[in-house]
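Working notes for the structure below.
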Amino acid sequence: MGDPTLAIAATKPIDDVFEALASRQTGLSAAEASSRASQVGQNVLAEHRVTVLAVLQRQLRNPLLILLGGAAAVSALTGDVADAVIITIILSLSVGLGFTNEYRSERAALALHSSIRHQIVTWRDGARTTIDVASLVPGDVVELSVGVIVPADLRLIETSRLECDEAVLTGESAATAKTTTAVAPGSPMTDLASCAFMGTIVRQGTGTGVVVATGARTAFGKIAAGLSSESPSTAFQLGLKSFSRLLVMVAGALTTSIFVVNIVLQRPVLDALLFSLAIAIGITPQLLPAIVSVSLAAGSRRLAQSRVLVKRLVTIEDLGNIELLFTDKTGTLTEGAVTFDRSLHADGTDSDDPFLLGLLCNESTPSAGGPVGGNALDQALYLASRAAAVLASPDGPTSFERVGVLPFDHDRQLVSVIVNKCGGKPLLITKGAPEVVLSRCVGVASAASKTLASLFADGARTVAVATRQLSDADRRDPTSLDENSLTFVGFLTFVDRPKQNVGAAIAQLNKLGIDVKIITGDNGAVASKVCRDIGMAVTGVLTGEDVERLDDDALASAIPSTNIFSRVSPDQKARIVKVARHGGADVAFMGDGVNDAVALHMADVGISVESATDVAKDAADIVLLDKDLGVLAAGVTEGRRIFANTLKYVLMASSSNFGNMFSAAGASVFLTFLPMLPSQILLNGLLYDVGQLAIPTDRVDPEVLARPAGWDISFVRRFMMLFGAISSLFDIATFIVLIHVLHAGKSEFRTGWFIESILTQTLVIFLIRTRRVPF
């Protein structure tokens with residue numbers, strides 16, 4: 001059995017494809033299918049799995065936890081059991097909280113996109129049979145009908161007005177006409193009309209095709225393969241890593257210097273080592289992983305109430321800090337459904353004639369449950385508000401008799417019917433792509449071209465209608481030869497209307513400091529029209545061709561001034577997101593198709609929806625149960641609240657801990673005894689951290705929620721040094737009182753400073769939690 005790629009199969013006669021696949025019109029035998037299944041495997045993509053070890057490994061990859069683990073080991077080896085137990089408790093609490101919350105979230109995500117089995121009609125042993133799509137192999141012959149999800153990549157054998165909705169791959173809602181004719185070599189994927197792609201949906205007609213590729217070898221699967229690499233670290237994770245490195249550097253410098261000074265002062269080596277180690281541990285915010293986990297878990301529950309499912313908890317905080325949001329157009333800004341807009345004369349004035357002719361020249365048929373068959377534009381005419389009145393009119397479609405029809409096909413881009421009224425002369429009506437219709441007309445007024453140019457500039461999806469009077473002998477099915485010397489009648493325009501609340505949602509996101517940009521496979525004129533309709537200013541448009549010509553530096557420079565990226569491929573979407581991230585911005589991407597999956601994977605925050613493809617939901621970090629930008633605003637606010645509270649803890653713990661440890665280090669130089677025992681230092685830190693466990697549920701000042709706030713390690717470092725120094729002044733005052741006023745001994749000194757340290761640290765919690773009056 002050969003293994004031709006779909007691009008090659010699309011260019012070959014069907015007999016050659018059968019020969020390469022060692023198959024035939026009547027399909028494979030059960031034995032052949034079983035043999036091939038053992039070679040190529042099941043027709044499925046990689047399944048989403050949740051393992052305890054994987055989640056636990058992510059929890060343990062944290063410099064602070066590694067530092068705590070090392071300290072516990074050293075304490076145990078040196079015989080300091082109490083310190084080892086305290087550190088182990090802290091370590092277990094941090095890992096346990098983080099693991100429990102993330103594992104629960106992962107299990108919820110697994111339940112969301114568990115695979116659903118589908119059946120398909122195929123030919124086995126020369127007979128039609130229904131099998132699970134997972135059992136398909138190359139060489140199988142399958143049948144397609146309206147509503148069927150194409151189960152694999154197929155080379156089409158037979159078609160009857162077959163059209164497939166390929167939005168899952170291209171992002172566009174308009175269905176694509178299919179044919180059995182081989183295409184020219186080198187044709188792009190979007191022009192392979194002789195093929196049907198896995199994951200696309202049959203919108204009209206029927207067809208039969210031979211399976212060329214299954215599973216990960218399909219166009220659908222190859223895009224999914226781009227997700228096999230590990231997700232890049234989010235901005236929040238990078239910020240945590242930078243903060244951890246800062247603490248490690250400070251702890252290392254303090255530990256080394258204190259140990260050297262104590263050795264020079266001829267203190268016992270073991271005491272000096274344990275004290276230095278306690279200083280290193282004491283300066284670290286020991287419950288930071290636990291605080292983060294508690295914050296994220298609480299936030300995920302609140303977001304779930306707003307119908308937002310968080311798959312990766314850490315992305316909640318990144319959601320709050322996003323500065324750029326790239327979103328698709330169809331279904332997000334718009335309703336995702338084509339509706340009739342206007343019926344126009346050639347000069348652009350309103351006219352009912354094109355609408356009536358459009359209903360007569362229509363491949364849909366009205367029914368009680370709505371129009372059946374035809375494409376989305378045909379159905380939109382019957383669903384239009386004026387259709388009922390036209391249908392009920394004595395001179396409406398019911399007064400005409402349809403004599404014959406020439407269905408739409410991809411090559412002609414036209415559909416024609418022959419009708420007659422009350423025994424009158426036959427009338428040919430032709431409807432289709434406006435450029436094609438106009439080229440078949442005679443005596444076209446210049447106004448028609450101007451009107452069409454205006455409609456295109458306005459971003460309207462346009463169909464043209466023309467007629468030709470026939471002789472009495474022409475009561476038959478029309479042919480393509482009849483579609484000439486036509487008289488132009490007018491235009492029908494269609495729109496995918498913007499959602500009612502989307503303009504307000506974008507305005508709310510802008511108010512939160514988020515720059516919203518549209519990234520779509522549609523043309524720029526249509527996207528610009530949608531933006532204008534929702535009140536969004538168009539600052540610049542770049543096409544996929546423009547993006548391809550720009551290098552990364554030029555693209556990075558163009559992104560701030562561009563808010564519409566049109567006719568872009570999946571790879572170009574991912575590149576735009578990647579370049580925007582490298583520019584230093586926190587980037588979110590919202591999409592729902594396979595063509596969006598790689599870009600979702602590359603963003604700081606990948607956002608998808610419940611109705612999205614499984615591949616898109618796999619790649620996303622956050623899944624909206626409603627496809628509504630308005631829901632995002634609540635998510636952004638919640639993310640900012642969580643980030644602000646996490647930063648409160650970082651500032652509280654780092655500054656206060658630094659001040660205490662700096663004081664302890666300094667005091668150890670001038671005192672003849674250690675100012676605080678290692679176990680007291682660790683217990684002090686644990687009590688202080690436990691007192692801050694309420695921080696994740698704290699309120700946040702409104703001005704903090706009004707803007708993105710990413711990590712600023714320089715600010716954290718400056719705050720730690722300055723506030724820590726101020727904290728040390730209180731410690732020095734305490735030392736003076738204890739020694740020179742109270743004449744405290746070694747035990748009294750340690751006890752007195754321990755109590756003072758706990759009290760001042762409690763005060764620090766209230767001082768740092770807000771920039772307003774703290775109580």
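At-a-glance table
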| item | result |
| --- | --- |
| Residue in segment 112-120 that is modelled with pLDDT of 70 or more and either loosely packed, with under 13 Cβ neighbours inside 10 Å or part of a strand (DSSP E or B) (or both) present | yes |
| Options THR190, THR206; residue that is more than 14 Å from ALA9 (Cβ to Cβ), at pLDDT below 85, within 31 Å of the chain's Cα centre (by Cα) and hydroxyl-bearing (Ser, Thr, Tyr) | THR190 |
| Every residue from segment 322-335 that is open to solvent by less than 10 Å² (accessible area, probe 1.4 Å), modelled with pLDDT of 85 or more and outside any strand (DSSP E or B) | ILE322 |
| So ALA665, is it modelled with pLDDT under 75, farther than 29 Å from ARG532 by Cα and crowded, with 24+ Cβ neighbours inside 10 Å | no |
| Filtered residues of segment 341-355 (kept if within 19 Å of SER393 (Cα to Cα) and surrounded by fewer than 17 Cβ atoms within 10 Å (Cβ to Cβ)) | ASP350, ASP352, ASP353 |
| Total residues in segment 540-563, condition assigned to a loop (DSSP other than H, G, I, E, B) and touching a residue at least 24 places away in the same chain (Cβ under 8 Å) | 3 |
| Residues (touching a strand residue (DSSP E or B) at 6+ places or on another chain (Cβ under 7 Å) and not hydrophobic (A, V, I, L, M, F, W, C)) located in segment 9-24 | SER23 |
| Extreme residue, most open to solvent (accessible area, probe 1.4 Å), among residues of segment 605-617 that are modelled with pLDDT under 85 and of a type outside the set (S, T, N, Q) | GLU610 |
| Output for segment 415-470, where each listed residue is in contact with a Gly (Cβ under 9 Å, 6 or more places away or on another chain) and polar (S, T, N, Q) | SER416, THR451, SER454 |
| All positions within segment 351-379 that are within 36 Å of the chain's Cα centre (by Cα) and either modelled with pLDDT of 90 or more or of a type in the set (Asp, Glu) (or both) | ASP378 |
| Unmet requirement for GLU638, which otherwise passes all of (1) closer than 23 Å to PHE723 by Cβ; (2) open to solvent by 20 Å² or more (accessible area, probe 1.4 Å); (3) in a helix (DSSP H, G or I); (4) out of contact with any Phe, Trp or Tyr (no Cβ under 6 Å at 6 or more places or on another chain) | (1) |
| Residue pairs meeting the criteria (Cβ under 9 Å; at least 6 apart or on separate chains; first within 15 Å of PHE355 (Cα to Cα) and touching a residue at least 40 places away in the same chain (Cβ under 8 Å), in segment 390-406; second part of a loop (DSSP other than H, G, I, E, B) and open to solvent by less than 40 Å² (accessible area, probe 1.4 Å)) | PRO397/ASN362 |
| Residues of segment 307-321 that turn out to be touching a Leu at 6+ places or on another chain (Cβ under 9 Å) and assigned to a loop (DSSP other than H, G, I, E, B), as a count | 4 |
| From ILE131, ILE157, ILE149, residue being touching a strand residue (DSSP E or B) at 6+ places or on another chain (Cβ under 9 Å), among the aliphatic types (A, V, I, L, M), modelled with pLDDT of 90 or more and surrounded by fewer than 21 Cβ atoms within 10 Å (Cβ to Cβ) | ILE157 |
| Cβ pairs under 6 Å, 6+ apart, first in segment 615-641 and in contact (Cβ under 8 Å) with a residue 60 or more places away in the chain, second surrounded by 20 or more Cβ atoms within 10 Å (Cβ to Cβ) and hydroxyl-bearing (Ser, Thr, Tyr) | LYS617/SER608; ALA620/SER608; ASP621/THR315; VAL623/SER608 |
| Selection from segment 178-200 of residues that are surrounded by fewer than 21 Cβ atoms within 10 Å (Cβ to Cβ) and more than 22 Å from GLY27 (Cα to Cα) | VAL183, ALA184, PRO185, GLY186, SER187, PRO188, MET189, THR190, ASP191 |
| Residue among GLY205, GLY139 that alone is part of a loop (DSSP other than H, G, I, E, B), touching a residue at least 24 places away in the same chain (Cβ under 8 Å) and open to solvent by less than 40 Å² (accessible area, probe 1.4 Å) | GLY139 |
| Restricting segment 578-596 to residues that are in a loop (DSSP other than H, G, I, E, B) and either surrounded by fewer than 22 Cβ atoms within 10 Å (Cβ to Cβ) or touching a Phe, Trp or Tyr at 6+ places or on another chain (Cβ under 8 Å) (or both), the residue that is modelled with the lowest pLDDT | GLY584 |
| Yes/no for ASP318 being of a type in the set (D, E, K, R) and within 28 Å of SER439 (Cα to Cα) | no |
| Cβ-Cβ under 6 Å pairs, at least 6 apart or on other chains, segment 478-498 side closer than 21 Å to ALA527 by Cα and touching a residue at least 60 places away in the same chain (Cβ under 8 Å), far side among the basic types (Lys, Arg) and in a strand (DSSP E or B) | THR493/ARG342; PHE494/ARG461 |
| Residue match in segment 415-431 (condition: open to solvent by less than 10 Å² (accessible area, probe 1.4 Å) and hydroxyl-bearing (Ser, Thr, Tyr)) | yes |
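Yes or no, residue by residue, for (1) at pLDDT 85 or above; (2) surrounded by fewer than 16 Cβ atoms within 10 Å (Cβ to Cβ):
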| residue | (1), (2) |
| --- | --- |
| ASP551 | yes, yes |
| ILE564 | yes, no |
| ILE576 | yes, no |
| VAL598 | no, no |
| HIS601 | no, no |
| ALA619 | no, no |
| ASP626 | no, yes |
| VAL631 | no, no |
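The values are calculated or read from the model by the stated rules, or taken from the named source; none is laboratory data. Since the structure is predicted, the reported quantities are computational estimates derived from the model, not experimental observations. Using ideal geometry, Cβ is built from the backbone for each residue, glycine included, and neighbour counts are taken over all protein chains shown. Ligands, DNA and RNA are stripped out before the accessible areas are found, and what is left, the full protein with its side chains, is counted by its heavy atoms. Shrake-Rupley method; radii C 1.70, N 1.55, O 1.52, S 1.80 Å.
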